[in-house]
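Trainee: The structure is given below, and queries will be raised subsequently.
Each value in this text was obtained by applying a stated rule to the coordinates, not by laboratory testing. Because the structure is a prediction, the values reported are computed rather than measured. Note that each Cβ is placed from the backbone with ideal geometry, even for glycine, and that neighbours are counted across all protein chains shown.
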2 protein chains.
Amino acid sequence: MLHSEVKKQLVEIVGPDRFQDDPESLVSHSYDGYVAEGRPEAVLFPVSTAEVSRIMQIANGRGIPVTARGAGTGLSGGAIPAAGGLVLCFAKMNRILAVNTRDRYAIVQPGVINAQLQKVLKKEGFFYPPDPASFGISTIGGNVAENAGGPRCLKYGVTVDYVLGLEVVLASGKIIRFGSRNVKDVTGYRLSSLFCGAEGTLGIVTEITVRVAALPESYRTVLAVYDDIELTANTVADIIGAGIVPAAMELMDHIVVNLVEDANHLGLPRSAEGVLLIEVDGVREAVEKEMGRIVEKAWANGAIDVKEARTETEREALWTARRSAHGVLARLAPNCMTEDATVPVSNVPKMIKGVQEIAEKYKLRIGILAHAGDGNMHPIISTDMRDTEEWIRVEAASQEIFELAARLDGTLSGEHGVGLAKSKFLPLFMDSDTREFMATIKKAVDPNNILNPGKFV
Amino acid sequence: MLHSEVKKQLVEIVGPDRFQDDPESLVSHSYDGYVAEGRPEAVLFPVSTAEVSRIMQIANGRGIPVTARGAGTGLSGGAIPAAGGLVLCFAKMNRILAVNTRDRYAIVQPGVINAQLQKVLKKEGFFYPPDPASFGISTIGGNVAENAGGPRCLKYGVTVDYVLGLEVVLASGKIIRFGSRNVKDVTGYRLSSLFCGAEGTLGIVTEITVRVAALPESYRTVLAVYDDIELTANTVADIIGAGIVPAAMELMDHIVVNLVEDANHLGLPRSAEGVLLIEVDGVREAVEKEMGRIVEKAWANGAIDVKEARTETEREALWTARRSAHGVLARLAPNCMTEDATVPVSNVPKMIKGVQEIAEKYKLRIGILAHAGDGNMHPIISTDMRDTEEWIRVEAASQEIFELAARLDGTLSGEHGVGLAKSKFLPLFMDSDTREFMATIKKAVDPNNILNPGKFV
């Protein structure tokens, strides 16, 4: 419980309507898309940088933990207030401050929803490339905190590649601003990249300048179907190895395809052992040529069917299938562990085979979903944490999946972040001197360790 | 002068052949492409990470400054040992350790020359996109230290967008490794971006993993000629504002065109007030379509001629003209100040007009070269520092150029870095709390301030 004096000061800053400490509010801000929970002592909804600064001054003076939160869709526990304290929820600090397509940037507050920005940009023929599956509800602030990816990041890059400038409130309450509206900017340390993916452990982002791009003039989208998962994975490695870069290349295995079809009745091929959803975008003529090469490679690698979306409705159906996959798997059982170990694309076939062997060994249902074109795997384990015996197997399987990724030159997280979920696996991918270096920066910047404590650093 | 005991220890590490402290060596390592100088006490040529680590342990224990150096082509003084001490020259640590085009990465030592990597990649149909004008001699390590750009960064992004992983020796001599071979990687803080552009003030980069891309199947290159510089600049803003992204869009003004023509006799139009060198690359059909739109916009904005390079030789001639421009201007007078203030592209016309007014006001010859498509200006001031009266005017003009860039939402440096050259102008673009934040990180990481001291942080 917050000291009554502290509560009084905080209520003075945000007003009684934007301060919550009733049990329902505390519970509903104690989790995100990961399986763990952490109960805050109060939830505040700031609407300005000045408010955030004043809140931080109080928190820092008293050593109260502060965890920033967007929509709470993160899958690694980054927004879980593991050490209690305050949750700063940015849902009400959600204005688009500027859109300038001539100079290809937009300026937003952290609570702006990704889809909200897309909608405004689309009217002007532009878009913001990072597209996490949660883009309909997740915020740009949360996307920045986790350095979110998404399907089309294969061609376009992830969030960090689009952050031009930030305004950040430090633990001390000081406000700093860096970067600019310019795509090219080497004025001092690249702080925008340092804060991107830092999960709110170094400061609270209060304004974001992002780069935007012109919408491509055309798309072509196909579904390649296989009766063998290895052939599916081989196709991915073959296409990327040939230097072709589709806008997206998504893989779903037999388990995922059937669960999605159960839920959505989209006509996916239930007998398939693997499918690839491949999209190419750009100038019409180039799109046709590239898709021609891709379809050729799909057949050459043993596809049993390659269907093209002939209308925008058909295209949307394929993407709905893909985007719904995580939710469908999450609803299967009380809990859902979504890993996102990533490997070099030539190792995707080995990684998929290995995950299937691990599933068999531990008698678990692990659906495999992947942004396969950049090696970003999403093995999804449906489970029930209350089943202690099964949970032990889930944890052992996760450990083996990460060990496998490490052996295959992979990385712990491609786009979900380390958060609470993967801290214990960090030593598999990063030695102690490097982890200590991160801790040195964290300590210098947040000496009282109040910014989202208990996470990976 | 180094203490004889220190010298003995250093010679033990690198051997007598790779330790130099004769006056000629010290003088030849006391400058880079900027106008200032700083005399080191010794120059060492390490060939391994272990050697760098041992050198740092000695330097850190004794508080001896250490400045890393590639080819010394930097234009902001980043490689100048401003506080004396040791220069670590990476010319001999220059092996390409791995090239893997299937997984689109290469691993190099810092002394590998950009062109050397390009040559190896080209054989496999790939390339490394960052292409500073110095690419024929500058090193990847130097490119990383300055976060180098180049003409085709308009489409492809700058060095930081291609650094996947680094090995770094810290001030303490500890060796850290982070990032991976994976394009998508959010495992901990994005340290690869923090070290990129840090000019060796946070650590010494000893191994670099970079992303590479497939060579485009075709190019088209045109030279658009104008009798009015404003129309030249308007064309740039119009093309980018329409959402078209050429591979490169380079601007040269009347002064630059004539100096380049004097030197190279390439047939450039001497009467032109401005020219644009525009290149498009990609799938042949897309290239043709995009170039069609570009040429249309060039004519619509008042070009008096638009010439296409019809052969690879003609294309090379145009690029030779552009790449030689800086050298030609540098040879004009004893000294050459190359600024690289960058503005949002819609402000390019105002920026060019402003620079011309400043040139007139201070009676200076300022040639304007620009990676115009991303607003990255290169006003080049030829001067003689020994002419004190003129030098005062040069400094005043530089100040005004940066003030103008600040007013136009620009940034201090687009691709050359801040180094020694622009430290004093940093407050125009970054407030004191933000500069103090950079200093906090620097101090935490390098408490004895031995890593390239005297630079922007």
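Trainee: Pop out the ³J(HN,Hα) list for region A:211-228 in order, Karplus 6.51 cos²θ - 1.76 cosθ + 1.60 with θ = phi - 60°, rounded to Hz; leave Gly and Pro as x.
Mentor: Coupling constants for region A:211-228: 7, 10, 9, 6, 4, x, 6, 8, 10, 9, 9, 10, 10, 9, 10, 10, 9, 8 Hz.
Trainee: For A:Gln399, place a label point 7 Å from Cα along the Cα-to-Cβ direction in every copy; what are the distances to the other copies, in nm, shortest first?
Mentor: Here the equivalent label points are 6.5 nm apart from this one.
Trainee: Say a label goes 7 Å from Cα toward Cβ at A:Ser28 in every copy; what distances in nm does this one have to the rest, shortest first?
Mentor: 7.2
Trainee: So, one more: Rounded to the nearest 20 Debye, what is the dipole magnitude of the protein assembly as shown about its Cα centre when Lys and Arg each give +1 and Asp and Glu each give -1 at the C-beta?
Mentor: The dipole magnitude comes to about 920 debye.
Trainee: Follow-up question, since we're still on this one. Indicate the gyration tensor shape class of region A:336-440 (rounded, prolate or oblate), computed on the Cα atoms with a ≥ b ≥ c the square roots of the eigenvalues: a/c under 1.5 is rounded; otherwise a/b larger than b/c is prolate and the rest oblate.
Mentor: It is oblate, given that a/c is not under 1.5 and a/b is not larger than b/c.
Trainee: Treat the protein assembly as shown as a sphere of radius equal to its Kirkwood radius over Cα pairs and apply Stokes-Einstein at 20 °C in a medium of 1.002 mPa s; give the translational diffusion coefficient in µm²/s, rounded to a whole number.
Mentor: 75 µm²/s
Trainee: Then there's this: What are the ³J(HN,Hα) couplings of region B:138-153, residue after residue, when phi is run through the Karplus curve with 6.51, -1.76, 1.60 and θ = phi - 60°? Round to Hz, x for glycine and proline.
Mentor: Using θ = phi - 60°, the values come out as 7, 9, 5, x, x, 4, 5, 4, 9, 6, 5, x, x, x, 7, 5 Hz.
Trainee: Out of region A:1-103, which trypsin sites (Lys or Arg not before Pro) are coil in DSSP terms and have no more than 16 other C-beta atoms within 10 Å?
Mentor: A:Arg95, A:Arg102
Trainee: Loop-only trypsin sites (Lys or Arg not before Pro) in region A:262-325, please: DSSP not H, G, I, E or B, and at most 14 other Cβ atoms within 10 Å.
Mentor: Loop-located and lightly packed - A:Arg270, A:Arg310.
Trainee: Right, something else. Amide H of B:Gly282 versus every other amide H placed in the peptide plane: which residues, excluding those fewer than 5 positions away on the same chain, fall under 5 Å?
Mentor: Those lying under 5 Å, H to H, from B:Gly282 are B:Glu217, B:Ser218.
Trainee: Could you run the Karplus curve 6.51 cos²θ - 1.76 cosθ + 1.60 with θ = phi - 60° over region B:174-186 and give me ³J(HN,Hα) per residue in whole Hz, x for Gly and Pro?
Mentor: Coupling constants for region B:174-186: 5, 10, 10, 9, 8, x, 6, 9, 9, 4, 9, 7, 10 Hz.
Trainee: Shifting gears a bit: What does the average come to when, for each residue of peptide A:170-183, you count the partner chain Cβ atoms lying within 10 Å of its Cβ?
Mentor: 6
Trainee: Can you pull the mean other chain C-beta count within 10 Å for peptide B:237-244?
Mentor: Shielding by partners across B:237-244 averages 4.
Trainee: What does the convex hull of the Cα atoms come to per residue for region A:276-339, in Å³?
Mentor: 126 Å³
Trainee: Something else: Using modelled backbone amide H atoms (1.01 Å from N, in-plane), which distant-in-sequence or interchain residues come within less than 5 Å of B:Gly274's amide H?
Mentor: Long-range HN contacts for B:Gly274: B:Tyr226, B:Asp228.
Trainee: Which Cα, out of A:Ser25, A:Ala36, A:Ser4, lies furthest along the positive dipole direction of region A:1-76 (beta carbon charges, K/R +1, D/E -1)?
Mentor: Of the options given, the answer is A:Ser4.
Trainee: What pairs from A:Lys363/A:Lys442; A:Lys442/B:Lys7; A:Lys8/A:Lys174; A:Lys8/B:Lys443; A:Lys184/A:Lys297 go past 32 Å between their alpha carbons?
Mentor: In this structure, A:Lys363/A:Lys442; A:Lys442/B:Lys7; A:Lys8/B:Lys443; A:Lys184/A:Lys297 lie more than 32 Å apart at Cα.
Trainee: Out of all DSSP beta bridges with both ends in region A:1-141, state the antiparallel percent to the nearest 5.
Mentor: If we restrict to bridges inside region A:1-141, about 50 percent are antiparallel.
Trainee: Continuing with the same structure: Taking H placed 1.01 Å from N in the peptide plane, check which residues at least 5 places from A:Leu86 or on another chain put their amide H under 5 Å from its amide H.
Mentor: Long-range HN contacts for A:Leu86: A:Glu41, A:Val66, A:Thr67.
Trainee: Let me ask something additional. Loop only by DSSP, 12 or fewer other Cβ within 10 Å of the Cβ. Give me the trypsin sites (Lys or Arg not before Pro) in region A:373-457 that pass, ordered by residue number.
Mentor: Sparse-neighbourhood loop trypsin sites (Lys or Arg not before Pro): A:Arg386.
Trainee: Give the shape of region B:290-383 as rounded, prolate or oblate, defined through the alpha-carbon gyration tensor: a ≥ b ≥ c are the square roots of its eigenvalues, a/c under 1.5 means rounded, and otherwise the shape is prolate if a/b is larger than b/c and oblate if not.
Mentor: Since a/c reaches 1.5 but b/c is at least a/b, the shape of region B:290-383 is classed as oblate.
Trainee: Sort out for me the Cα centre separation of region B:443-457 from region B:91-143, rounded to whole Å.
Mentor: Here the two parts' Cα centres lie 29 Å apart.
Trainee: With a ≥ b ≥ c the root eigenvalues of the C-alpha gyration tensor of region A:233-361, is it rounded (a/c under 1.5), prolate (a/b larger than b/c) or oblate?
Mentor: oblate
Trainee: Same structure again: What is the average number of partner chain Cβ atoms found within 10 Å of a Cβ in B:414-422?
Mentor: Mean shielding count: 2.
Trainee: Sticking with this structure for a sec: Let me spell out the model: positive unit charges on the Cβ of Lys and Arg, negative unit charges on the Cβ of Asp and Glu, origin at the Cα centre of chain B. What dipole size does that give, in debye rounded to 20?
Mentor: 1400 debye
Trainee: Now for a different question. Compute the distribution of all C-alpha to C-alpha distances in chain B, in bins of 10 Å from 0, and list the percent of pairs in each, rounded to whole numbers.
Mentor: Taking all Cα pairs of chain B, the binned fractions are 4, 21, 30, 26, 15, 4, 0, 0 percent.
Trainee: Next question. Taking a point 7 Å out from Cα toward Cβ as the label site, list the nm distances between A:Lys350 and the same residue in every other copy, smallest first.
Mentor: So the distances to the same position in the other copies read 5.5 nm.
Trainee: Between the alpha-carbon centers of region A:330-387 and region A:194-222, tell me the distance in whole angstrom.
Mentor: 26 Å
Trainee: May I pose another question? Using the charge dipole of region B:384-457 (Lys, Arg: +1 at Cβ; Asp, Glu: -1 at Cβ; taken about the Cα centre), state which of B:Ala444, B:Leu428, B:Ile401 has its Cα farthest towards the positive end.
Mentor: Projecting each Cα onto the dipole axis, the largest value belongs to B:Ala444.
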